[in-house]
Amino acid sequence: MTADRGSQPDLIISGGPILTMDPAGSRPEAVAVRGGRIIATGSSEDIRAITGRAADVLELDGRTLMPGLIDPHMHAAMVQMADWVDVSPMKNPTADDVMATLRSAVPTSTGWVIAKLFDPSITKGHPRLDLDVLDSLAPHHPLLVFESNGHVAYANSAAMREADVNRGSPDPPQARYGRTPEGDLNGRLEESAAVGAFTRGIPPLTHADMLSRHQDLLHQASAKGITLLHDCGIGAVDGANDLEILRSVVTGDSPVRYRGMLVSTLYDAWMEMGIRPGDGDDLFRVDGIKAWSDGSNQAGTGYQREPYVGTTNRGSLNYSPEELAGVVDRAHRDGWQIGVHANGDAAIDVTLNAYERALSRTPGRDHRHRIEHCSILHDDQISRMVELGLSPSFLIGHIRWWGTAFRDRLLGDKRANLYDPCASALAAGLRISLHSDWNVTPIEPLRYVEDAVTRIMEESGDVLNGDERIPVEAALRAVTIDAAWQCRADDITGSIEVGKYADLLILEDDPTAVDPAHIAGIPVSQTLLGGALRHSG
């Protein structure tokens, strides 16, 4: 038995498989909890020997106990999109469906139509939005359509006039207005700074609305078995207000713990506010700075070593290599953990160079710097990551929903096979995590596990590079203890070990024992945070 001697438990859990995710992969028969923390694990007999009369007993009845799940990369501020017009491939599977939905959409209180989750790469018919199409869909009111990847949007002529963006408008910093070969605007907006002038059309939400939507999101996450969310972009939508909302929501009765990275674009403002690495407590803490090197591979803005299939386009950097290196160097010197968004392989090269420069100047710390998404990853880049002590967090849903598009239409076989190379990363000694990038894909960590284990592409039903499939146990680590390590929270959560919080999940089935293709469908029975019930299925 492993135990913290000297106190009796107030909660005993036993009666089913227990997946601890501890270094030894142990599977005890029972777990003892006191004051919200784990005080013992071991045989049922050993645990009963230390149990007082006042202890509650939670019988698993054959269900499986494991650490609560973790999503190490999501964006809570996207709750603002909840009531926008949905033109996603899931709701509008064909190009005709998308066009019909936009044509019939009712303007909001601002007089604009605001739509979300457009994705021409996987919508049947692959619809394209240019200024002529946008104007025909909404001839009488401004129209703003966001792609699901968060890096591209589209605006019609009425929206351009309202935003005072015209042919002579210069590109904003780290962003671009799409143009025809003749230099006229074509309706495409690349990166958030280009969308900035158009946000006046987004209906404002009250403080109470934002609080309610954030609270709903946290409860939805708890219902999926999550006990820790990590936000990779606090401040991206509404600056310091994003942080204030989160601090108001993640309080004593929160269903989940919360960690986050602040956007690098507001670095000076964060410093003026007196925010420093590690600010917060075990429930809510800010540890990192988030930067972006490029855009989205499915949108054609991920920065590539070679052009996209059938084009001369290699995508774009959002910062020059020198600008990115400057951000990384500053944040590293100031003691922040850093996460850099990099999708294309050339963007990963630039990101690695930035990290290498910073680490050569200020070496020797347990920095746990990350590359977010880290999508098209070559062996030489994996070797550099090992040397630099970096780790990747993979948006594994790319395989399920976009894998066929990458293979057949965007990247070709060779590069598509490099996508989210979980097995190669693990074999090289990297610690990996799996995430949703919500709202790009749904928050559902058991599905991330299934995707990493099977690599089945939804559109074709094929497996994308079966050599990169990983065992269930490894995929579970990527949403528990290894994700906790990436989020700098492995000292308090992520595994069932003495001294850690009893952040626990009870599943109806054992994910290591079912058909891997059914892992995502395992029902969540209960989610506990610090030993307290937060969700009951």
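Scanning the range 185-198 for residues that are open to solvent by 20 Å² or more (accessible area, probe 1.4 Å) and touching a residue at least 40 places away in the same chain (Cβ under 8 Å) turns up 185, 186, 188, 190, 192.
Step by step: first the residues of the range 504-535, then only those that are part of a loop (DSSP other than H, G, I, E, B), open to solvent by 20 Å² or more (accessible area, probe 1.4 Å) and not small (Gly, Ala, Ser), then the one that is nearest to residue 11 (Cα to Cα). Which residue is that? Break it down stepwise before answering.
Keep residues of the range 504-535 that are part of a loop (DSSP other than H, G, I, E, B), which gives 508-515, 522-523, 530-531.
So of that shortlist, the ones also open to solvent by 20 Å² or more (accessible area, probe 1.4 Å) come out as 508-510, 512-515, 523, 530-531.
Going one step further and asking which of them are not small (Gly, Ala, Ser), we end up with 508-510, 512, 514-515, 523.
Numbers: 508: 20, 509: 22, 510: 22, 512: 26, 514: 29, 515: 32, 523: 23 Å.
Here the residue is 508.
Among strands (runs of 3 or more DSSP E) entirely within the range 1-104, having at least 2 residues that are modelled with pLDDT of 95 or more and in contact with a Phe, Trp or Tyr (Cβ under 8 Å, 6 or more places away or on another chain) singles out 37-42, 69-74. From the list 343, 417, 353, the one residue that fits, being farther than 27 Å from residue 456 by Cα and not aromatic (Phe, Trp, Tyr), is 353.
Suppose the filter is over 20 Å from residue 65 (Cα atoms), charged (D, E, K, R) and free of Cβ contacts under 8 Å to residues at least 60 places away in the same chain; does residue 467 pass it? It would help to see each step written out before you state the result.
Details: over 20 Å from residue 65 (Cα atoms): yes; charged (D, E, K, R): yes; free of Cβ contacts under 8 Å to residues at least 60 places away in the same chain: yes.
The answer is yes for residue 467.
Would you check if residue 337 is under 18 Å from residue 265 (Cα atoms), open to solvent by less than 10 Å² (accessible area, probe 1.4 Å), of a type in the set (S, T, N, Q) and touching a strand residue (DSSP E or B) at 6+ places or on another chain (Cβ under 8 Å)? It is true that residue 337 is under 18 Å from residue 265 (Cα atoms), open to solvent by less than 10 Å² (accessible area, probe 1.4 Å), of a type in the set (S, T, N, Q) and touching a strand residue (DSSP E or B) at 6+ places or on another chain (Cβ under 8 Å).
Quick check on this structure: which one of 447, 477, 455 is open to solvent by 20 Å² or more (accessible area, probe 1.4 Å) and under 22 Å from the mean Cα position of the chain (by Cα)? Show your work before the answer.
Details: 447 fails: open to solvent by 20 Å² or more (accessible area, probe 1.4 Å); 455 fails: open to solvent by 20 Å² or more (accessible area, probe 1.4 Å).
None of the other options fit; the residue is 477.
Considering only residues in the range 360-392 that are within 18 Å of residue 289 (Cβ to Cβ) and either among the β-branched types (Val, Ile, Thr) or in a helix (DSSP H, G or I) (or both), the one that is most open to solvent (accessible area, probe 1.4 Å) turns out to be 361. Put simply, of 87, 113 the only residue that is farther than 30 Å from residue 257 by Cα, without any contact (Cβ under 8 Å) to a residue 60 or more places away in the chain, open to solvent by less than 40 Å² (accessible area, probe 1.4 Å) and out of contact with any His (no Cβ under 9 Å at 6 or more places or on another chain) is 87.
The values are calculated or read from the model by the stated rules, or taken from the named source; none is laboratory data. All values derive from a computational prediction rather than experimental measurement. Counting neighbours? That spans all protein chains shown, and the Cβs are built from the backbone with ideal geometry, glycine included. Please note that ligands, DNA and RNA were not included when accessible areas were found on the heavy atoms of the full protein model with its side chains. Shrake-Rupley method; radii C 1.70, N 1.55, O 1.52, S 1.80 Å.
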